[in-house]
Amino acid sequence: MDKELNSLLESILLLLIQMLKGFIMGVWHGLRKALQNKWYLTGIGITLVFSVICITEKAMVCRMIPETIPEWLQQGIYLMLLAAPVIYLFLIGQTGQKNYDKCFEDIGFKGKNGKFPKYAGSSKEGKKILLFFQSTIPLSEWRSSRERLETALDCSIIKIENGRNKRTVKLTTLPSDYKIPTMVKWSEEYLNDKNGVLTLGISALDTISFNLNRVPHVLVAGETGSGKSVILRCLLWQMIEQGARVYMIDFKGGVEFGKQYEQYGEVITERERALQVLDLLVRENEYRLHVFRDLEVKNLDEYNKKTRQNLCRIGVFTDELAEMLDKKGVAKEEKQIYEQIEGKLSTLARLSRATGINLFMGVQRPDANVLTGQIKNNIPVRISGRFADKTASEIVLGNTDAVNLPDIKGRFLYKVGNETIEFQSFYFDDETMLHEVCVDQGEMLTEAPVYKVPEHKIPVRKNENKKAEVVRSGRKEKKVTAVKTSGEEKNSYEDPFVGMNSREIEEEMRRMDEEDLNLNFGDF
Ligand SMILES: Nc1ncnc2c1ncn2[C@@H]1O[C@H](COP(=O)(O)OP(=O)(O)OP(=O)(O)O)[C@@H](O)[C@H]1O
């Protein structure tokens, strides 16, 4: 008997605790809602007035309650008036929860335990509304139900992620009238004045841009016909207009980058030439890294500002990475050149983060054969079109979001750091949008017979033979030879990596990377 009584009391206690918890949560949600809505705030003001009157004018309030009703009811009414603000907040909180319950019920969105996600509050961030839910439903299921959820909640969901813990799901939403357009033509007004800042297209909220000084390499993946070439050409065009030197690798004999592109840069159709160019760029990169470190600049812009020179930005574009790297079915004697090209590309991806040498690569079938870890891990900007296959999406974005993209030409996901944003890429048309450009492309260090190091940066001690030494405390010593060129004295830079093997070069560069070129991919 005692046992039964104990378990009954225990259940009642648990129920009371649950109810109290529910009440406190309701008040908390109500408070958060009220703080974002002036009408709710007014309501709180009014209920607070009731409460204050109950405290200061208790006798008057009691007199107003009819005496004919039982005393316990009179006291109940008085207490309710006293606690009016808290009850009001609870009711507001509950209203929200009920609405969401109904939404989830309508689409049958519930966990294995049969429970619907529990509304845990919302907040506003500019035009975005963040909704929080407590749920045992896995994030992947939320993502695959995106469209149904949008209909039920009457909003556009732009991001689905975990909140503070795995049970909390955070939806970043926009009112349903904010829609991503289905077609946006490229226009010169989207061209950014700042060198290296490129614009991809339009999201539900804004234009999507990124800065190559922070996120230097770009991967565009998507099934055939998704619009990869169009994005790549639009980025190429922006680089051309900003005065970059561009190399377009096209082993389909100029099908991707047609004749009209030859006036803007080199269209490379032969594997041997591609290797030569990549080799040159690896060398250029080594020079740049060294010079940047010497001058204590972090990127191309800083370098050009500090030296008042015009070192050029360089863009390497390849429409289909597989054409370049996929060795499947390639004859043994040809494999070597494939491997060499892959090696050079990997080196550039790894080491040219801040030197203004940027890689833009398209890929249709992102598998490890084509997209090696070495290359992929060093490409911070990932752009993915719709994939039927989850694995492809995982390889490119690290999540399966690309599977749920709507089937619209030019619709892509953009991912840098933890952000994945859906956008419509600009429609770029070669026939009507290419035109003559007149920009000074600037120089490359490897081209110049001598490199002029700014004199204010380098304490030079000249000897009779016009030889000089750079003395820099705490840094490795480097030689700079002063030579006369057409009556003018210049300092020529010796190969900074002379005598080092490739491992040592890489180690030296990694050290520089960590020391000088610490990039924050999340901050773009
Ligand atoms: N941003 C866009 N807006 C509207 N339509 C687009 C957009 N991008 C591409 N398209 C349409 O889709 C077609 C295919 O685009 P694109 O050639 O870029 O695809 P792709 O992914 O490169 O295909 P493939 O891998 O077969 O070369 C274009 O001819 C164009 O009609």
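Considering segment 326-373 alone, what residues qualify as being among the hydroxyl-bearing types (Ser, Thr, Tyr) and in contact with a helix residue (DSSP H, G or I) (Cβ under 6 Å, 6 or more places away or on another chain)?
Ser346, Thr347, Ser352, Thr355
Residues that are exposed (fewer than 15 other Cβ atoms within 10 Å of the Cβ), within 16 Å of the ligand (Cβ to nearest atom) and either of a type in the set (Phe, Trp, Tyr) or part of a loop (DSSP other than H, G, I, E, B) (or both): does segment 109-128 have at least one?
no
Considering every residue within segment 301-315, establish whether at least one is part of a loop (DSSP other than H, G, I, E, B), touching a residue at least 60 places away in the same chain (Cβ under 8 Å) and within 16 Å of the ligand (Cβ to nearest atom).
no
Return yes when Thr355 is in the same structural domain as Gln263 (by TED's automatic domain parsing) and under 21 Å from Val316 (Cβ atoms) and no when it is not.
The answer is yes for Thr355.
Restricting the search to segment 390-418, which residues are more than 11 Å from the ligand (Cβ to nearest atom), in contact (Cβ under 8 Å) with a residue 12 or more places away in the chain and charged (D, E, K, R)?
Lys390, Asp401, Asp407, Lys415
So which residues in segment 236-252 are part of a strand (DSSP E or B) and closer than 19 Å to Arg365 by Cβ, if there are any at all?
Passing the criteria: only Ile249.
List the pairs whose first member sits in segment 329-353 and is under 30 Å from Gly196 (Cβ atoms), whose second member is part of a loop (DSSP other than H, G, I, E, B) and at pLDDT 90 or above, and whose Cβ atoms are under 6 Å apart, counting only residues at least 6 apart or on separate chains?
Sorted first by the residue in segment 329-353, then by its partner, the pairs are Ala349/His217; Ala349/Asn378; Arg350/Asn378; Arg353/Pro216.
Which of the numbered conditions does Gly258 fail, given that it passes all the others? Conditions: (1) within 16 Å of the ligand (Cβ to nearest atom); (2) surrounded by fewer than 17 Cβ atoms within 10 Å (Cβ to Cβ); (3) closer than 28 Å to Gly343 by Cβ.
For Gly258, the failing item is (3).
Mind listing whichever residues of segment 1-36 are closer than 28 Å to Ala84 by Cβ and among the charged types (D, E, K, R)?
Within segment 1-36, Lys21, Arg32, Lys33 meet the criteria.
Which of the residues spanning segment 419-443 are in contact with a Gly (Cβ under 7 Å, 6 or more places away or on another chain) and away from the ligand (no atom under 16 Å from the Cβ)?
Within segment 419-443, Val439, Asp440, Gln441, Gly442 qualify.
Considering only residues that are within 21 Å of Tyr414 (Cβ to Cβ), of a type in the set (Ser, Thr, Tyr) and modelled with pLDDT of 90 or more, which ones fall in segment 348-402?
Passing the criteria: Ser384, Thr391, Ser393.
Out of the residues in segment 182-196 that are under 20 Å from the mean Cα position of the chain (by Cα) and surrounded by fewer than 17 Cβ atoms within 10 Å (Cβ to Cβ), which is nearest to the ligand (Cβ to nearest atom)?
It comes out as Leu191.
With the requirement that a residue be crowded, with 23+ Cβ neighbours inside 10 Å, within 16 Å of the ligand (Cβ to nearest atom) and part of a loop (DSSP other than H, G, I, E, B), what does segment 348-369 give you?
Result: Pro366, single match.
Name every residue in segment 239-253 that is away from the ligand (no atom under 12 Å from the Cβ), surrounded by fewer than 22 Cβ atoms within 10 Å (Cβ to Cβ) and not aromatic (Phe, Trp, Tyr), in order of residue number.
Selection gives Ile240, Glu241, Gln242, Gly243, Arg245, Gly253.
Could you go through segment 119-135 and let me know if any residue there is hydroxyl-bearing (Ser, Thr, Tyr) and free of Cβ contacts under 8 Å to residues at least 40 places away in the same chain.
yes
State whether the residues of segment 420-441 include one that is modelled with pLDDT under 85, in a strand (DSSP E or B) and surrounded by 15 or more Cβ atoms within 10 Å (Cβ to Cβ).
Yes, segment 420-441 contains at least one residue that is modelled with pLDDT under 85, in a strand (DSSP E or B) and surrounded by 15 or more Cβ atoms within 10 Å (Cβ to Cβ).
To keep it simple, each residue is scored yes or no on (1) assigned to a loop (DSSP other than H, G, I, E, B); (2) under 29 Å from Asp154 (Cβ atoms).
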position: Ile53; (1), (2): no, no
position: Arg63; (1), (2): no, no
position: Pro66; (1), (2): yes, no
position: Leu73; (1), (2): no, no
position: Tyr78; (1), (2): no, no
position: Leu81; (1), (2): no, no
position: Val86; (1), (2): no, no
position: Ile92; (1), (2): no, yes
position: Lys102; (1), (2): no, yes
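So, in segment 205-235, of the ones that are near the ligand (Cβ under 8 Å from one of its atoms) and not in a helix (DSSP H, G or I), which residue ends up surrounded by the fewest Cβ atoms within 10 Å (Cβ to Cβ)?
Within segment 205-235, the match that is surrounded by the fewest Cβ atoms within 10 Å (Cβ to Cβ) is Thr224.
Is it true that Glu323 is within 16 Å of the ligand (Cβ to nearest atom), surrounded by 16 or more Cβ atoms within 10 Å (Cβ to Cβ), in the same structural domain as Asn369 (by TED's automatic domain parsing) and touching a residue at least 12 places away in the same chain (Cβ under 8 Å)?
Criteria met by Glu323.
The values are calculated or read from the model by the stated rules, or taken from the named source; none is laboratory data. Since the structure is predicted, the reported quantities are computational estimates derived from the model, not experimental observations. Backbone-built Cβ (ideal geometry, glycine too); neighbour counts: all protein chains shown.
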